[in-house]
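Heads up: the structure comes next, in structure tokens.
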Amino acid sequence: TAGVDLGFVKLDNVRVTGQIIAAGAGVSNRDGNSITLHNTSVAEMIIDSPNNVAISVRAEGDTKVGKAFVRTSAYLEDSCYNGNGFQVVEIDGEEGTRVDFTGNFKDVILKTPKGMVALGRGSIKKLSVDEKAFGAMVNIDIDAFINEMYLDTGTTVTGAGDVGYVKINTAGTTMTML
């Protein structure tokens with residue numbers, strides 16, 4: 001996708017048995033998502049911008065992304081139905097990588113030191129903050145909900161959203177909403 005630059009690409013009714021590597025793009029020059037997946041099946045997706053510009057990806061319709069590996073800051077939107085969309089999102093990038101989420105996500109794993117998960121609207125069924133993600137931050141906006149959150153390192157959790165269940169496995173966590 002480096003050839004996309006600040007443009008956009010839409011995959012419609014495509015089946016990808018291998019990987020999609022999003023290594024360029026960023027926010028579209030039309031102020032929209034740089035990559036839109038519509039009724040598309042993807043085994044794996046890697047988001048890794050060499051110039052550290054946040055890449056925006058929208059999954060819609062009957063799209064299913066098996067696993068997304070996020071290595072640089074990104075904006076992910078999931079407006080799929082039938083339980084599809086992003087199945088697993090693993091954030092394991094450079095220190096300080098931030099991923100903004102909108103929509104309904106199943107399983108999010110944060111492994112990045114000082115990384116940030118920001119849920120603007122929608123839900124995350126299960127969020128795990130790995131022990132490697134020391135100094136992690138999670139922000140849950142008012143219209144957002146995390147069903148289960150597992151914290152294996154000291155994490156700062158902020159926002160006006162809701163959390164169904166939290167398991168804190170180490171000292172150093174602060175939560176402002178509880």
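The values are calculated or read from the model by the stated rules, or taken from the named source; none is laboratory data. Since we're looking at a predicted model, the values are computed, not measured. Only protein heavy atoms, including side chains, enter the accessible area calculation; ligands, DNA and RNA are left aside. Shrake-Rupley method; radii C 1.70, N 1.55, O 1.52, S 1.80 Å.
With all protein chains in place and a 1.4 Å probe, the accessible surface of the chain carries 47 percent carbon and sulfur. Surface exposure of the range 49-93, expressed per residue as accessible area with a 1.4 Å probe, stands at 36 Å².
Straight-line reach from Lys64: taking Cα to Cα under 22 Å and skipping same-chain neighbours fewer than 8 places apart, the lysines in range are Lys10, Lys106, Lys125, Lys126. The alpha-carbon of Lys167 sits under 17 angstrom from the alpha-carbons of these aspartates and glutamates, leaving out residues fewer than 8 places away in its chain: Asp107, Asp130, Glu131, Glu148, Asp152. So how far, in whole Å, is the C-alpha centre of the range 35-69 from the one of the range 119-176? Each part's Cα centre sits 23 Å from the other's.
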